[in-house]
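Data block below; observations after.
Nothing in this text is a laboratory measurement; each read-out follows from the coordinates by a stated rule. Note that the structure is predicted; figures quoted are calculated from it, not measured. No Cβ is skipped: glycine too gets one built from the backbone with ideal geometry, and neighbour counts run over all protein chains shown.
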Amino acid sequence: MKNLKIAIQKSGRLNEKSVQLLKNCGLDFENYKSSLITTVNNFNLEILFLRDDDIPGYVAQGIADLGIVGENVIDESQAQVTYLQRLGFGRCTLKIAIPKDSDVQDLADLNGKAIATSYPVILQQFLNEYKIQADIREISGSVEIAPGLGLSDAICDIVSTGGTLKSNGLKPFADVRSSEAILIGREGLLENPILCELLQRVQSVLRAKETKYVVLNVEKINLPQITELLHGVKSPTVVPLAEEGWVAVHTVITEDDFWDKINTLKAAGAQGIVVMPIEKIIL
């Protein structure tokens, strides 16, 4: 069977987590950062290491079958690709930022202003939505220095922590759009069996990341109340303990409501609660 090709970022904020995701899916490969391509030893897949800006175009043209790239990069490229799976990492926000002493108070004040950005397409769509006429000045890299050099009145750039803005005398002003890493594919790929297998692996890893495996002890008299609070993947597993009248309950709890659920279980009589990470959940 012909190998599929997946493109991931060669270097940058998504590289490490993209590589880790693929390895967590059981794929055996070397991360050759000095090479453009590497072959997965135990799966019909080849990995291309590319600039993130090139990934959507490579996938749209069929040079790569799949790609892992930020949603902002996909939108800016306007490439025709299929969203296969949101990956939950690489989250950031494209923001408009202004100098701390700027006279801009609301969006309407951006009319007539110059805005420097590496994302002119996304920024123009945002400005159109709010009927703002501004001068978009496309800059490649180091956008945050533009106001200090007198090149613009504001910037539009990716913000993760805001530290770079602060160090350049800027402050966030407006959110343009949020972004995260996306697994994309070329059109017409959905029925490919290799893709189906890879998607199953990816989704099993993502499910596991969102949950905890929990084992707790409870008296049988309190078991109905405990099982009412738990669902597990399908339902909790209940195992008798050596001590008469007691059972162990095995289940999974989502990360989002983990602490609230734990406290509720304790109040219902749960004891000896053990929490463990989960590697994969396959439905």
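Of all stretches in the chain that contain no trypsin sites (Lys or Arg not before Pro) in a DSSP loop with at most 16 other Cβ atoms within 10 Å, the longest one is 132-233.
Summarising the label geometry, the points placed 7 Å from Cα in the beta-carbon direction at Q133 and H231 lie 5.3 nm from one another. Straight-line reach from K261: taking Cα to Cα under 20 Å and skipping same-chain neighbours fewer than 8 places apart, the aspartates and glutamates in range are E210, E219, E228. Stretched out straight at 0.36 nm per residue, the stretch from S102 to V274 would grow longer than its current Cα-Cα span by 56.6 nm. Electrostatic bookkeeping for W246 treats Lys and Arg as +1 and Asp and Glu as -1; over the other residues with beta carbon under 12 Å from its beta carbon, the sum is -2. Distance check, please: which entries in K23/K209; K212/K234; K95/K171; K17/K95 exceed 21 angstrom between their Cα atoms? From K23/K209; K212/K234; K95/K171; K17/K95, over 21 Å: K17/K95. Taking 0.36 nm per residue of separation and subtracting the Cα-Cα distance, full extension of the segment from R13 to A242 would add 77.4 nm. Rounded to the nearest 500, the helix-only mean residue ellipticity at 222 nm of the chain stands at -7000 deg cm²/dmol, with each DSSP H run of n ≥ 4 adding -39,500 (n - 2.57). Rounded to the nearest 20 debye, the dipole magnitude of the chain is 480 debye, with +1 charges on Lys and Arg beta carbons, -1 on Asp and Glu beta carbons, and the Cα centre as origin.
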